[in-house]
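The values are calculated or read from the model by the stated rules, or taken from the named source; none is laboratory data. As the structure is a prediction and not an experimental result, all values here were calculated from the model. Virtual Cβ from ideal backbone geometry, glycine too; neighbours counted across all protein chains shown. We work out accessible area using only protein heavy atoms, side chains counted, and drop any ligands, DNA or RNA first. Shrake-Rupley method; radii C 1.70, N 1.55, O 1.52, S 1.80 Å.
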Amino acid sequence: MSESHHTSFAPPRPWDARLARHLVAPLKDRWVTPNHLTSVRLLIGLAAAAAFVPGTYIWSNVASLLLVLSNFADHTDGELARMSGKTSRIGHIYDLASDAAVTILLFIGIGIGVGAKHIAALPYSPIVLGAAAGCAIALIFFLRIRIEERGGKAATQQASLGGFETEDVLYLLPLVTVCNAVVPFLIVASICARYLPSGS
């Protein structure tokens, strides 16, 4: 039997990572560093979290679009680092810390916004629900760092199907805001985040 028969099938790279690689290719030999792109992503993510705070229909839709842009931009720093050789441990930790900060503040922002408009529809304070979801996800990021320290980056590889990863579900958030379903989304997110760390 030939050696190729023993080679495991490699899943396709995520579509957003492939697109990000094409977009940052011109920056390979420029002064721009992966940390610059991480900072841009962080600022967009913080803007998304802030846009959820008013709790209005229009601002929630603006916030969801900013979050989609932030999630996509999250791939640009890693792609630039790999193609330019500008990889560093500090840069990787900065990337993960930015992910955690954006996610925590995002859910807190959603909680504040929901509290301003729909507080009577929830059995618990929406800010508490948002903080719970955000803190649980922060724990996931902490566990991810520890797992990578022990088993390498491959140990935290996300499940993928057809070029889509688990985290790509956040690209559907504009559908949630367009349908004015932020309240059930917050409740489901807080419940799911509660059990994600124990399943990691």
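Residue count for the range 62-82, restricted to those that are in contact with a helix residue (DSSP H, G or I) (Cβ under 6 Å, 6 or more places away or on another chain), open to solvent by 20 Å² or more (accessible area, probe 1.4 Å) and of a type in the set (D, E, K, R): 1.
Every listed requirement among (1) assigned to a helix (DSSP H, G or I); (2) over 28 Å from residue 175 (Cα atoms); (3) free of Cβ contacts under 8 Å to residues at least 24 places away in the same chain is met by residue 30 save one, (1). For the range 83-101, the condition holds for no residue, the condition being that it is over 23 Å from residue 138 (Cβ atoms) and open to solvent by less than 20 Å² (accessible area, probe 1.4 Å). Residue pairs whose Cβ atoms lie under 9 Å apart, separated by 6 or more positions or on different chains, with the first residue in the range 171-191 and among the polar types (S, T, N, Q) and the second surrounded by fewer than 19 Cβ atoms within 10 Å (Cβ to Cβ) and not in a helix (DSSP H, G or I), are 190/124. Counting only residues that are assigned to a helix (DSSP H, G or I) and of a type in the set (Lys, Arg), which one in the range 78-121 is modelled with the lowest pLDDT? Across the range 78-121, the extreme among qualifying residues is 117.
Of everything in the range 170-184, what is open to solvent by 50 Å² or more (accessible area, probe 1.4 Å) and closer than 14 Å to residue 106 by Cβ? Give them in sequence order. Matches in the range 170-184: 170 only. Among the conditions (1) of a type in the set (A, V, I, L, M, F, W, C); (2) at pLDDT below 70; (3) surrounded by fewer than 18 Cβ atoms within 10 Å (Cβ to Cβ), the only one that residue 59 does not satisfy is (2).
Would you be able to tell me the number of residues in the range 49-58 that are touching a residue at least 60 places away in the same chain (Cβ under 8 Å) and of a type in the set (Gly, Ala, Ser)? Count: 2.
With respect to the conditions (1) farther than 20 Å from residue 174 by Cβ; (2) part of a helix (DSSP H, G or I); (3) open to solvent by less than 40 Å² (accessible area, probe 1.4 Å), residue 40 lacks only one, and its number is (3). Counting residues in the range 161-174 that are touching a strand residue (DSSP E or B) at 6+ places or on another chain (Cβ under 9 Å), at pLDDT below 85 and among the polar types (S, T, N, Q) gives one or more.
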